[in-house]
Amino acid sequence: MESPLRSEAEDGGSGEEKVVETAEKIILRWDSTVSEEARDKMIFSGDRHEVDRYLRAVDEIQRSLHSLAISSPSSTVGAGDRNPNTIQIAMARLEDEFRNILLSHSSAVDSDSFGHGGGSSGGGERGGGSTSSSSRRSMRSTTSIREVDLIPSDAIADLRSIAERMIAAGYLRECIQVYGSVRKSSVDASFRSLGIEKLSIGDIQRLEWDALENKIRRWIKAAKVCIRTLFASEKRLSEQIFESLNSSTVTAPCSSPASSSSYSEACFLETVKGPAMQLFNFAEAISISRRSPEKLFKILDLHDALAELLPDIDVVFESKTAESIRVQAAEILSRLAEAARGILSEFENAVLREPSRVPVPGGTIHPLTRYVMNYISLISDYKQTLIELIVSRPSSSVSRYPGELSVPEFDFSELEEERTPLALHLIWIIVILEFNLEGKSQHYRDTSLAHLFMMNNVHYIVQKIKGSPELRALIGDEYLKRLTGKFRLAATSYQRATWVKVLHCLRDEGLHVSGSFSSGVSKSVLRERFKSFNAIFDEVHRTQATWLVPDTQLREELRISIAEKLLPAYRSFLGRFRSHIESGRHPEQYIKFSWEDLDSAVLDLFEGNPVTQHLRKRSQG
């Protein structure tokens, strides 16, 4: 079918020269350097007939130049010499039109729009897509990638028609630069909408950790949108415009040796390489920042998010030219893993070295115990990740702990159950926590309080393990039984240290006297026994009411155990010897307590509150 432009040219004359002359007039008419109308109007924003005329004019000029080059390769004289700048004028105009269409569709897309984007949505691609594009889209359907239409299909068709002619005329570089500049500005706007800031690695490392935690949370959410939707959609857009542009779709062979698929790759990377580096710089800064225990869980969050995104990164940045981005992401993931391992090791050192020497009042749970157990409970929440990252067993070697620290002895081979390296590290943390607590218990002057302190703390450790199914599964029932035995032993040691001396006052030995003239109970010794009992019990009651057993059940069990030993012994002693005291003078000075008084007094123990008055009630029965 004959070109309408040729028909138009033949109406006013004849021959190829006339066709070229008509084409030149159309192009020159839209030369914005000489025409005010051309400066004020955009061809592709107006009448579609004019768009078609202009594109056909460009095609005719390119065809003419191509024919001349074939027929007279060494000649510089011919039809094209009438205005040698015509093709440059046309390309400058098309570049402006290309930029204007892109700018008209370059608004940022917010996170809500991205979040609700459908998977691989259709974009009305014109000009078809290559087989490689189809196979990629098939692969994408197995990932979490969710592409959205960034530019309407009619605008894509116009952009594609311009790109075809610019590439054919040897203006590939200019086309890529314009495309990359405009689309990168759009990506930058989307970054701002997602809350991604332009911060250097140094800027990030200077931020306080509290501020960084919020930024990490925001980054994880934004990174998923960027990789799976924003970058994926930008890649799709570059393919829609540039893929399959080759000699069969342009009017002259492209002067660039690059393949059509590399056009889209080049435009895509021109658009997103800078933003992608900006995105990954944040995670890289965190991965190489100073290590401290409080950072572990956010680093694991970052690690898990990046690990989850890595297959999508491999798809979106699949080309060889994008290899550096894939490598950067993989290296950051590796550094985050190493940071997590390092932090766990440093946490173990910190628990062992924790230096506080001031005893906690009342022998209650030490802040270190709460901190460590809450920390390893959180670790158990990340066990899936950490089981993969922690691959070596802990070392109890003194050489691992610099300085003159003493290190507890623990033989991991004694554990009958097979445990993962992570589980062994958690057990080791509990071992060194106990070791540290044993040292702290020695700062109590009262041995009974030292035992109560250890009972409280080891019991807390046991309860935290029991309260977390994940942690219990890691620690194992065998080691849990060991810990249970330890706090029960501490409870027994406390009772011996306190109540043996109380019960010692209620023994029969030494009360009976015998001689040549009389036999029976020595009232003076008996009176001293009651006085000693009263004084010791009064002191225990006054002192240990201020001690604290925070766990209600443990407190009740300990009181019951004390009452089961104390009350029968006192009732028996009182029953056997009361008459000897009451037959003498001032019995109330010696028998101060009934067994009911003692029962009531035991209930005051371990509440952490001083008693308002001493027990002075004398039995009435």
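The values are calculated or read from the model by the stated rules, or taken from the named source; none is laboratory data. Worth saying up front: this structure is predicted, and the values here are computed from it rather than measured. For neighbour counting, all protein chains shown are included, and Cβ atoms are generated from backbone atoms with ideal geometry for every residue, glycine included. The area values use the complete protein model at the heavy-atom level, side chains included, leaving out ligands, DNA and RNA. Shrake-Rupley method; radii C 1.70, N 1.55, O 1.52, S 1.80 Å.
If the condition is being in a loop (DSSP other than H, G, I, E, B) and either open to solvent by 80 Å² or more (accessible area, probe 1.4 Å) or touching a residue at least 12 places away in the same chain (Cβ under 8 Å) (or both), then the stretch 206-225 contributes only E208. Kindly check whether there is at least one residue in the stretch 344-367 that is aromatic (F, W, Y) and over 30 Å from W547 (Cα atoms). Yes; the residues of the stretch 344-367 include at least one that is aromatic (F, W, Y) and over 30 Å from W547 (Cα atoms).
If you go through the stretch 580-601 one residue at a time, how many are more than 18 Å from W499 (Cβ to Cβ), part of a helix (DSSP H, G or I) and either open to solvent by 40 Å² or more (accessible area, probe 1.4 Å) or polar (S, T, N, Q) (or both)? Of the residues in the stretch 580-601, 5 are more than 18 Å from W499 (Cβ to Cβ), part of a helix (DSSP H, G or I) and either open to solvent by 40 Å² or more (accessible area, probe 1.4 Å) or polar (S, T, N, Q) (or both). A single entry from L566, L554, L526 fulfils the requirement of being over 22 Å from K501 (Cβ atoms), in contact (Cβ under 8 Å) with a residue 40 or more places away in the chain, among the hydrophobic types (A, V, I, L, M, F, W, C) and surrounded by 15 or more Cβ atoms within 10 Å (Cβ to Cβ): L554.
In the stretch 15-31, the residue that is farthest from R93 (Cα to Cα) out of those that are open to solvent by 20 Å² or more (accessible area, probe 1.4 Å) and free of Cβ contacts under 8 Å to residues at least 60 places away in the same chain is G15. Quick one: is F577 assigned to a helix (DSSP H, G or I) and either open to solvent by less than 70 Å² (accessible area, probe 1.4 Å) or at pLDDT below 95 (or both)? Taking the combined requirement at face value, the residue satisfies it. Only one entry in I343, I299, I286 is open to solvent by less than 30 Å² (accessible area, probe 1.4 Å), more than 26 Å from W428 (Cα to Cα) and either touching a His at 6+ places or on another chain (Cβ under 8 Å) or in contact (Cβ under 8 Å) with a residue 40 or more places away in the chain (or both), namely I286. Could you list, in sequence order, the residues of the stretch 457-498 that are of a type in the set (F, W, Y) and at pLDDT below 95? Scanning the stretch 457-498 gives a single hit, Y479.
For residues that are open to solvent by 10 Å² or more (accessible area, probe 1.4 Å) and outside any helix (DSSP H, G or I), scanning just the stretch 446-503, find the one that is nearest to S572 (Cα to Cα). By that ranking, first place goes to D446. Looking across the stretch 357-386, the residues that are aliphatic (A, V, I, L, M), part of a helix (DSSP H, G or I) and open to solvent by less than 70 Å² (accessible area, probe 1.4 Å) come down to L368, V372, M373, I376, I379, L386. All conditions in (1) modelled with pLDDT under 95; (2) under 14 Å from E338 (Cα atoms) hold for K320, with the sole exception of (2). Being open to solvent by 50 Å² or more (accessible area, probe 1.4 Å), modelled with pLDDT of 55 or more and part of a helix (DSSP H, G or I) holds for only one residue in R160, R165, R146, R99, and it is R99.
Restricting attention to the stretch 604-621 and to residues that are surrounded by 13 or more Cβ atoms within 10 Å (Cβ to Cβ) and at pLDDT 75 or above, the residue that is nearest to W499 (Cα to Cα) turns out to be L605.
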